[in-house]
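Remarks on the structure that follows.
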Amino acid sequence: LHTIKQDDQFLITFMRACKFSLEKTKEKLESFFTVRGGLPVWYDNWDPRLPEIKRVISAGLAIPLPGYDKQGRRVVVMRIGLHDPDTMKKDDIFKTTTMMIESALAGDTQAVIRGIVLVQDLEGIALSKTVGMTPALMKRASTVQEAMPTRPKSIHILNFPSFMESIYKMSTSFLKQKMRERHHVHGVGDYSAMQEELGLEVLPLEYGGTNSSLAELTQ
């Protein structure tokens, strides 16, 4: 840990996440870098020009939205239903998503203080696209989330199909109770509760908002 970044902005992010407890901050920092060292498949070669990463970005699987919601939080839209299992590996999707979220939050003091919101849109998801979503992969994802200094304050899951029920239960079983309580599952085409919580200004046109379209934001 003596070799890590030690600038004020980087360290204060962890301090805020741990409510300024020095011991918890040290534990969080150790966990953060342990995860990075143990998961090179997700953290090495963060280069958006690599074909496998560029493919995920261009497909619009992860889109940090410009602006903030009604509570001053950053919002990230995730659209796993757009992934092509023939050309995209699950690890490349997680790697690209992690890279984009970290890049979007870099230097954003308000997002660090207020937190972030994840909007997971499952439209277009098919049973064939869930192959590879193993318990080991879900456990790895939850470990990464726990190690991050900024965790989602709210998670909205849109267009939830019935066949995803078992996968959803498996993925949330690795989370702490506090995080599970932040999940909100919505039926197909029902955006009303999300609109009420986040506000229309930050949401894309496809979700009844007044922000740009998802296609424009992907570009």
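The values are calculated or read from the model by the stated rules, or taken from the named source; none is laboratory data. The structure presented is a predicted model; accordingly, all values stated were derived computationally and were not measured. A quick note on method: Cβ atoms are made from the backbone with ideal geometry, for glycine too, and the neighbour counts reach across all protein chains shown. Please note that ligands, DNA and RNA were not included when accessible areas were found on the heavy atoms of the full protein model with its side chains. Shrake-Rupley method; radii C 1.70, N 1.55, O 1.52, S 1.80 Å.
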Accessible area of LEU61 in the full protein assembly, 1.4 Å probe (Å², nearest 10): 10
J(HN,Hα) series, region 111-118, from Karplus relation 6.51 cos²θ - 1.76 cosθ + 1.60, nearest Hz, glycine and proline x: 5, 5, 6, 7, x, 10, 10, 9
Sum of -39500 (n - 2.57) over DSSP H runs of 4+, divided by residues of the chain (222 nm, nearest 500): -13000 deg cm²/dmol
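Per residue, how much accessible area does region 7-114 show when a 1.4 Å probe rolls over the protein heavy atoms, in square angstrom?
53
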Pairwise label distance in nanometres, LEU1 with ASP44, each label 7 Å out on the Cα-Cβ vector: 2.6
Under-5 Å amide H pairs with VAL185, H placed in peptide plane, nonlocal only: ILE157
In order through region 179-184: 3J(HN,Hα) via Karplus (6.51 cos²θ - 1.76 cosθ + 1.60), integer Hz, x for Gly, Pro: 6, 4, 5, 8, 7, 10
Highest-fluctuation residue, HIS184, HIS83, HIS156 considered, GNM on the chain with Cα pairs under 10 Å: HIS184
Gyration tensor verdict on region 14-127 (Cα atoms; rounded if a/c is under 1.5, prolate if a/b is larger than b/c, oblate otherwise): oblate
Fraction of accessible area attributable to carbon and sulfur, the chain (%, probe 1.4 Å): 54
Built amide H within the under 5 Å cut-off of VAL119, gap 5+: VAL76, VAL77, MET78, HIS156
Most to least accessible of LEU158, LEU22 (protein chains only, probe 1.4 Å): LEU22, LEU158
